[in-house]
Amino acid sequence: MARPPVIPGIKARLELWLDQCESAYLAQPEDIRQPTLPLCPDGKVNVRAVAQAIQLKSTQEKYLYEREELTQLINCIAEGQGILTIGSRATQTEADKQVKQKVTLYAKNAQEAARAATEAIAAQQELLDRIRVLSAELAASEAEVARLRARLQAVENGVWVSMK
């Protein structure tokens, strides 16, 4: 003889329990409402606690994950209470991948910016060194011009005597 299906019985118990949770949630003042579904530390529905609340056997807990009609019932209430639904880990994983891609992109951009900054500092240092050299050459040239003007002035004044 075939075993009777267990899903209808589980569904009936789940619906009754979810109705109680939803009633308790709605009975709270709106500005301070807290979820009445059991939560995992990461803010998702704690399916194991739901299974225990409706007195499922440990071997039946899997139905809450696997059977779409049961999962949808729980997720509907979870969404209404503003908590993460069953299976939201897959969605979070996708979101985590996107965040990792952005972090990788930002890290790459930061490396490029650091490299560009280092190159700019090196170029700036080279320019400063070149300015120092040119300033020294200019000072030497100005001194030479001043000496030559003094000699020219001396020649024009008839004071200059060549020592050749």
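Of note:
- Checked across segment 1-12, the condition of being surrounded by 13 or more Cβ atoms within 10 Å (Cβ to Cβ) and under 16 Å from residue 85 (Cβ atoms) holds for no residue.
- Listed by position, the helices (runs of 4 or more DSSP H) contained in segment 57-164 that have at least 2 residues being within 30 Å of residue 47 (Cα to Cα), among the hydrophobic types (A, V, I, L, M, F, W, C) and within 39 Å of the chain's Cα centre (by Cα) are 68-80, 88-156.
- Positions within segment 7-55 being assigned to a helix (DSSP H, G or I) and β-branched (Val, Ile, Thr), in sequence order: 7, 10, 32, 47, 50
- Count - residues of segment 1-41 that are closer than 19 Å to residue 74 by Cβ and not hydrophobic (A, V, I, L, M, F, W, C): 16
- Which listed residue is assigned by TED's automatic domain parsing to the domain that holds residue 14, closer than 30 Å to residue 13 by Cα and in contact (Cβ under 8 Å) with a residue 60 or more places away in the chain, from 74, 83: 74
The values are calculated or read from the model by the stated rules, or taken from the named source; none is laboratory data. Model, not experiment: these values are computed from the prediction. Don't worry about glycine lacking a Cβ; one is built from the backbone with ideal geometry, like all the others, and counts go over all protein chains shown.
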